[in-house]
1. Check Ile61, Ile68 and return the single one that is of a type outside the set (Ser, Thr, Tyr) and in a loop (DSSP other than H, G, I, E, B).
2. Which count do you get for residues in the range 1-19 that are outside any loop (DSSP other than H, G, I, E, B) and closer than 20 Å to Leu115 by Cβ?
3. If we scan the range 61-68, do we find a residue that is in contact with a Gly (Cβ under 8 Å, 6 or more places away or on another chain) and either of a type in the set (A, V, I, L, M) or under 26 Å from Gly117 (Cβ atoms) (or both)?
4. Search the range 15-68 for residues being more than 19 Å from Thr106 (Cβ to Cβ) and of a type in the set (Ser, Thr, Tyr), and hand back the single one that is farthest from the chain's Cα centre (by Cα).
5. Suppose we keep only residues that are within 18 Å of Asn17 (Cα to Cα) and acidic (Asp, Glu) within the range 98-123. Which one would you say is modelled with the lowest pLDDT?
6. Restricting the search to the range 36-70, which residues are of a type in the set (D, E, K, R), surrounded by fewer than 18 Cβ atoms within 10 Å (Cβ to Cβ) and farther than 16 Å from Thr84 by Cβ?
7. Go through the range 1-47 and give me each residue that's touching a strand residue (DSSP E or B) at 6+ places or on another chain (Cβ under 6 Å) and acidic (Asp, Glu).
8. Filter the range 17-35 for residues that are surrounded by fewer than 20 Cβ atoms within 10 Å (Cβ to Cβ) and among the hydrophobic types (A, V, I, L, M, F, W, C); which is farthest from Ser65 (Cα to Cα)?
Amino acid sequence: METPCNILVVDDDRLVNWVVKEWVEAAGYKAYTAENAVQALELLRSAVPIRVMVTDLRMPIFQGSELIREALKIKSDLDIIIMTGNAVPTDNPGGYEVLEKPFHPTDLKAALSRLCGSNEISN
């Protein structure tokens, strides 16, 4: 049985977290949320098999770029989607997917499809 494509959504804005989680689940994936880098790293260290992290770049405690570095130390095969309401990062050595806020749910679905393929939540 193929491992489900579980998605971790990280944003310090609770509304953004909720909306993006709803979009992820509407696209057929299982979503988890974290409001900061500390929560995200705890979840990545847990038994939950996260495959893709969708993260904001500007957050308190850790910036998104720091979170990405630390997350990849925990799970080196983690796929990343960056959400940003600021200028698109010119330094993107990982070649990560970038979604500029505000983005449309179809943009997120397309990015997830590229990283995960089509997916259905498995119980």
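The values are calculated or read from the model by the stated rules, or taken from the named source; none is laboratory data. These numbers come from a predicted model, not from an experiment. With ideal geometry, Cβ positions are generated from the backbone for all residues, glycine too; neighbour counts draw on all protein chains shown.
1. That would be Ile61, the only listed residue that is of a type outside the set (Ser, Thr, Tyr) and in a loop (DSSP other than H, G, I, E, B).
2. Within the range 1-19, residues that are outside any loop (DSSP other than H, G, I, E, B) and closer than 20 Å to Leu115 by Cβ number 8.
3. yes
4. The extreme case among them is Ser46.
5. Going through the qualifying residues, I end up with Glu100.
6. Result: Glu42, Arg45, Arg69, Glu70.
7. Passing the criteria: Asp11, Glu25.
8. Within the range 17-35, the match that is farthest from Ser65 (Cα to Cα) is Ala26.
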